[in-house]
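Visitor: Mind looking over this structure? Questions follow.
Derivation of every value follows stated rules applied to the coordinates shown; laboratory data play no part. Fair warning: this is a prediction, and the values are worked out from it, not measured in the lab. Every residue, glycine among them, receives a Cβ derived from its backbone with ideal geometry; neighbour counts consider all protein chains shown.
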Amino acid sequence: MRLEGKVALISGAASGVESELMGFGGAAARMFCREGAKVVLGDINTAGGERTAAQIRAAGGDAIFVKLDVTSEQDWIDAVAATVAAYGTLNVLVNNAGTGARYTVEETTADAWDGQIDVHAKGTFLGTRQAIPEMLKAGGGSIINISSIYGLVGSPTSTAYHAAKGAVRLFTKSAAIQYAGDNIRVNSIHPGYCHTPLTTRSYENERYLDWIQERIPIGRVGVADDIAYGIVFLASDESSFMTGSELVIDGGTTAQ
Ligand SMILES: NC(=O)c1ccc[n+]([C@@H]2O[C@H](COP(=O)([O-])OP(=O)(O)OC[C@H]3O[C@@H](n4cnc5c(N)ncnc54)[C@H](O)[C@@H]3O)[C@@H](O)[C@H]2O)c1
């Protein structure tokens, strides 16, 4: 029960249905509940989010789903209000929602650029902005921003994704410094290549999958639980001396 008594809001948490391919947010929501947290799952995928929350409840966990488009400030206001209405406080925010855009510089349209910056960078900022007042009332909290190894190093494509995940990395440090004295910790996680609903279509391309696997010293792509364990650690008091840090979980990809 490493998260007993904590209330968490997780964005992009719709893919957490047992026996289906899970995403980081869905896997983290399940793990959080097993560790004693009460969890609000936010996503634009209402059907998946409702199914995940219902399964968690059926297994004895305490979870609800709220519709949340992370690019909308009003949605964040409503999601934080729903969290406090249901569970009385907010202790943990996981900014996890995201989409991909594997384009070179010349292929990246202005709209594609804006879309990536909006969902990753602006979405993380808006969530943090709305969560902090509740965390101040609670006497502290933990904010976990899901960046990527693509927020640390470059690749042949994904231009706007790199820029957006890099922004998440440094926004994390800025917020961490500002709120360290208020007992609000802010850390980023940098997952490597993982098999989730977001990546499953591109991994069907054998040449791309081979290219990826050559870059992973541990010899396998990651799964959602590999990242969820890191999210639980940063949410728990076990990481109480960590803020502004980058937790890289990538099978060694960026170590070489
Ligand atoms: N899978 C990987 O290899 C990998 C690697 C590094 C980082 N990431 C990041 O991890 C995060 C989770 O991705 P995942 O791989 O677990 O896939 P996922 O498909 O489970 O997660 C993305 C979720 O975000 C939701 N979403 C998309 N746009 C949204 C919006 N505007 N508002 C609210 N929700 C929205 C989707 O509906 C989906 O449920 C993303 O930020 C992704 O960029 C993934």
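Visitor: When you check residue 84 against the structure, is it in contact with a helix residue (DSSP H, G or I) (Cβ under 7 Å, 6 or more places away or on another chain), within 24 Å of residue 117 (Cβ to Cβ) and in contact (Cβ under 8 Å) with a residue 12 or more places away in the chain, yes or no?
Guide: Answer is no for this residue.
Visitor: May I ask you to list the residues in region 153-204 that are surrounded by fewer than 16 Cβ atoms within 10 Å (Cβ to Cβ) and in a helix (DSSP H, G or I)?
Guide: Selection gives 170, 174, 177, 178, 180, 181, 182, 200, 201, 202.
Visitor: Inspect all residues belonging to region 118-132 and state whether any of them is closer than 25 Å to residue 255 by Cα and either over 20 Å from the mean Cα position of the chain (by Cα) or of a type in the set (Ser, Thr, Tyr) (or both).
Guide: no
Visitor: Within region 3-20, which residues are free of Cβ contacts under 8 Å to residues at least 24 places away in the same chain and either among the charged types (D, E, K, R) or within 12 Å of the ligand (Cβ to nearest atom) (or both)?
Guide: Across region 3-20, the qualifying residue is only 20.
Visitor: Continuing with the same structure: Go through region 109-150 and report how many residues are among the polar types (S, T, N, Q), crowded, with 17+ Cβ neighbours inside 10 Å, more than 10 Å from the ligand (Cβ to nearest atom) and without any contact (Cβ under 8 Å) to a residue 60 or more places away in the chain.
Guide: Of the residues in that region, 2 qualify.
Visitor: I would also like to ask the following. Looking only at region 21-44, count every residue that is more than 15 Å from the chain's Cα centre (by Cα) and near the ligand (Cβ under 10 Å from one of its atoms) and tell me the total.
Guide: Of the residues in that region, 1 qualify.
Visitor: Determine if region 181-196 includes at least one residue that is without any contact (Cβ under 8 Å) to a residue 60 or more places away in the chain and farther than 26 Å from residue 36 by Cβ.
Guide: yes
Visitor: Taking only pairs six or more apart or across chains, which ones have beta-carbon atoms under 7 Å, a first residue in region 203-230 that is in contact (Cβ under 8 Å) with a residue 40 or more places away in the chain and under 30 Å from residue 3 (Cα atoms), and a second residue that is within 14 Å of the ligand (Cβ to nearest atom) and polar (S, T, N, Q)?
Guide: Listed by first residue and then by second, the contacts come to 224/196.
Visitor: Let me ask something else about it. Is there a residue in region 36-48 that is under 19 Å from residue 199 (Cβ atoms) and buried (at least 23 other Cβ atoms within 10 Å of the Cβ)?
Guide: Looking through region 36-48, at least one residue is under 19 Å from residue 199 (Cβ atoms) and buried (at least 23 other Cβ atoms within 10 Å of the Cβ).
Visitor: In this structure, is residue 220 in a helix (DSSP H, G or I) and away from the ligand (no atom under 11 Å from the Cβ)?
Guide: Taking the combined requirement at face value, the residue does not satisfy it.
Visitor: Which of (1) more than 14 Å from the ligand (Cβ to nearest atom); (2) touching a strand residue (DSSP E or B) at 6+ places or on another chain (Cβ under 6 Å); (3) under 27 Å from residue 44 (Cβ atoms) does residue 230 not meet, given it meets every other one?
Guide: So residue 230 meets the others, but not (1).
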